[in-house]
Amino acid sequence: MKIAIVCYPTFGGSGVVATELGLELAKRGHEVHFITYSQPVRLALLGPNVHYHEVNVPEYPLFHYQPYELALSSKLVDMVKLYDIEILHVHYAIPHAYAGYMAKQMLKDEGIEIPMVTTLHGTDITLVGNHPFYKPAVCFSINKSDVVTSVSESLKQQTYDLFNITKEIHVIPNFIELNNNINDPTIPCMRSAIAKSSERIITHVSNFRKVKRIPDVVKIFAKIQEKIPAKLLMVGDGPEKAAAEELCRKLGILDKVLFLGNSNEVDQILSYTDLFLLPSETESFGLAALEAMAWSVPVISSNSGGLPEVNIDGISGFLSPVGDVDSMAANALSILEDEVTLAQFKANALKIAKTFDIINILPLYEDLYKKVLNKEL
């Protein structure tokens, strides 16, 4: 199959999932075309089955905001005709499904019918999509898609609750490419450069937006380190970072917290992490938690959104109500204070992560593509 993938090219979860999906499809012999405004961060190498086409948005004084949707839909039309692309797979309802629909209509006028699969990831529904300015466009784009998928049952239900959706939504969960080298001694381990052997390493990875409840991460860690020696690694960047640094100063723990910024070494960091914190206000799925679990790292998280579908309470970690810092800290300590308990939670986390391995999830997308091409959906 010849598949065009439209996604955001940034460090965010939707872009990472879309890129990894495309790369794995290419390994399976499919021809994959990434179409976006810059090369996705996870798209390190191009190959015979992997292509990247940049969307250029020319600047005109007439436009206060440059019309990316217009440029994207035009680019999609050109690439479909040039490469005989068979399927559009767009990640995020707005602006990608909207632009994809316009491309479909332009191609239809030229006698070309191409199906569009739209994958909903979360903030396109709960944040952007629910805004009154965008809600009609989001609803229209979803209903005009040939097939709609969501990354969790929770997000599927939210979409039905928030919009007048007439399409069936198929749940295909996010995935990880399970790293088989977790115990490989050739993987460089920088643990000794981060913490003493007696210290536990606790990690948080996000885009540091308010929805991630970054102050809660700091407060949970502050309570943990009162009981056991520990270091906190804060990976990522965003609007809440400066306030988090200031909170660390106020709590007197700045020397125990490392702000590492955006990093391409997340796997290495997780390989020597003991516990992962994700106290988010909501998560459509919880990809960061799954990536931690794939490295045998138990997770302390809130119980909102799709997180209970990934982090199994009492097995791979613990769930607590949003904002319940005391509960999260107590749960963290119950895992970290005992070596045997920690080892069991680590083993459980990896076992659950294996069910989300890309080798289990990819066939679900392939089957969906075949059905939509054969007009079975």
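The values are calculated or read from the model by the stated rules, or taken from the named source; none is laboratory data. Since this is a predicted model, take the numbers as computed values, not measurements. For neighbour counting, all protein chains shown are included, and Cβ atoms are generated from backbone atoms with ideal geometry for every residue, glycine included.
Things worth noting here:
- So Asp184, is it in a helix (DSSP H, G or I), at pLDDT below 95 and surrounded by fewer than 13 Cβ atoms within 10 Å (Cβ to Cβ): no
- Residues of region 24-61 satisfying the condition of being among the hydrophobic types (A, V, I, L, M, F, W, C) and surrounded by fewer than 18 Cβ atoms within 10 Å (Cβ to Cβ): Val41, Ala44, Leu45, Leu46, Val57
- Residues (among the aliphatic types (A, V, I, L, M) and without any contact (Cβ under 8 Å) to a residue 40 or more places away in the chain) located in region 233-265: Met234, Val235, Ala242, Ala243, Ala244, Leu247, Leu251, Ile253, Leu254, Val257, Leu260
- Residue match in region 211-224 (condition: in a loop (DSSP other than H, G, I, E, B) and at negative phi): no
- Checked against the criterion of being in contact (Cβ under 8 Å) with a residue 60 or more places away in the chain and among the small types (Gly, Ala, Ser), the candidates Gly47, Gly111, Gly100 yield just one match: Gly100.
- 3 or more residues of a type outside the set (Val, Ile, Thr) and farther than 20 Å from Lys144 by Cα: qualifying strands (runs of 3 or more DSSP E) within region 20-115: 31-36, 50-54
- Taking region 241-276 as the range and being more than 20 Å from Ala353 (Cα to Cα) and under 16 Å from the mean Cα position of the chain (by Cα) as the test, the residues that pass are Asn262, Ser263, Asn264.
- The lone criterion from (1) crowded, with 17+ Cβ neighbours inside 10 Å; (2) outside the structural domain of Thr19 (by TED's automatic domain parsing); (3) of a type in the set (Val, Ile, Thr) left unmet by Ile315 is number (1).
- Candidates Pro321, Pro279: the one that is in the same structural domain as Met234 (by TED's automatic domain parsing) and over 16 Å from the mean Cα position of the chain (by Cα) is Pro321.
- For Ser197, the criteria (1) more than 30 Å from Lys104 (Cβ to Cβ); (2) surrounded by fewer than 20 Cβ atoms within 10 Å (Cβ to Cβ); (3) at pLDDT 90 or above hold in every case but one, which is (3).
- All positions within region 121-152 that are at pLDDT below 70, more than 21 Å from the chain's Cα centre (by Cα) and of a type in the set (Gly, Ala, Ser): none
- Residue that is among the charged types (D, E, K, R), over 20 Å from the mean Cα position of the chain (by Cα) and crowded, with 20+ Cβ neighbours inside 10 Å, where the choices are Lys75, Lys108: Lys75
- Filtering region 1-23 to residues that are buried (at least 19 other Cβ atoms within 10 Å of the Cβ) and among the charged types (D, E, K, R) leaves only Glu20.
- Tally, over region 291-306, of residues that are buried (at least 24 other Cβ atoms within 10 Å of the Cβ) and free of Cβ contacts under 8 Å to residues at least 40 places away in the same chain: 1
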